[in-house]
């Protein structure tokens with residue numbers, strides 16, 4: 001079986017090791033005997049969202065976000081249709097903001113987003129930086145075959161944008177340590193359909209193998225494969241995750 005993974009704008013959106021998420025997804029496919037076909041596309045390249053199983057959008061600057069919205073706006077309806085059909089999307093920081101209604105800069109200018117997610121972002125007067133721990137929302141269970149399933153995420157954030165969620169979406173999780181979406185309401189990220197938006201860099205997936213497997217399982221289900229993925233020996237990954245969690249929040 002082949003999993004088609006698209007890394008969108010890798011030359012423009014790759015802050016804080018974001019491309020490590022692609023490496024993690026490809027490795028976890030390979031270790032299971034699955035083929036991971038990774039396509040890297042940039043400005044002006046042909047895109048066929050229907051052929052994708054997982055779409056990854058990383059983080060970048062405000063200037064880059066404006067360029068990318070202009071490029072993607074031409075294919076907005078195709079992307080919306082693919083998302084409605086179950087396309088799995090992982091969007092981090094600038095990529096997360098890009099899917100929202102707008103980003104308002106410090107001088108009041110509104111950079112339009114794609115308007116796919118009911119979220120919006122406003123530039124803050126300070127950067128929200130540091131390690132983050134998140135408790136996943138009950139509506140977003142991470143069910144993988146590993147016996148030591150984790151219900152938390154750990155990562156690193158560095159953003160000045162403050163994102164707020166509208167009534168049509170729910171957060172990915174609740175902040176245990178760090179700032180999250182805006183440093184005010186205790187939320188982090190968003191999950192809507194199979195879109196996962198978050199501010200967690202680091203990269204995210206090597207530190208959270210359970211989330212990587214959830215993305216892969218959702219992609220497989222969309223293609224009609226409903227069996228759980230074969231388990232992997234994630235003892236080291238889980239130990240690393242729990243060690244970070246212990247340092248941040250004291251959870252045993």
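Some values worked out for this structure:
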{"read-out": "Counted residues, the range 159-192 - those being in a loop (DSSP other than H, G, I, E, B) and either at pLDDT below 95 or on the phi < 0 side of the Ramachandran plot (or both)", "value": "11"}
{"read-out": "Odd one out for residue 83 among (1) over 21 Å from residue 21 (Cα atoms); (2) modelled with pLDDT of 95 or more; (3) within 18 Å of the chain's Cα centre (by Cα); (4) part of a helix (DSSP H, G or I)", "value": "(1)"}
{"read-out": "Residue among 214, 172, 200 that is without any contact (Cβ under 8 Å) to a residue 40 or more places away in the chain and either under 22 Å from residue 116 (Cα atoms) or surrounded by 22 or more Cβ atoms within 10 Å (Cβ to Cβ) (or both)", "value": "172"}
{"read-out": "Where residue 71 falls short, out of the listed (1) modelled with pLDDT under 90; (2) part of a helix (DSSP H, G or I); (3) in contact with a strand residue (DSSP E or B) (Cβ under 6 Å, 6 or more places away or on another chain)", "value": "(3)"}
{"read-out": "Residues within the range 124-147 that are touching a strand residue (DSSP E or B) at 6+ places or on another chain (Cβ under 6 Å) and at pLDDT 90 or above, tallied", "value": "10"}
{"read-out": "Residues of the range 7-40 classified as in contact with a strand residue (DSSP E or B) (Cβ under 8 Å, 6 or more places away or on another chain), at pLDDT 90 or above and either surrounded by 22 or more Cβ atoms within 10 Å (Cβ to Cβ) or in a strand (DSSP E or B) (or both), total", "value": "12"}
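The values are calculated or read from the model by the stated rules, or taken from the named source; none is laboratory data. The structure displayed is predicted, hence computed values, not measured ones. With ideal geometry, Cβ positions are generated from the backbone for all residues, glycine too; neighbour counts draw on all protein chains shown.
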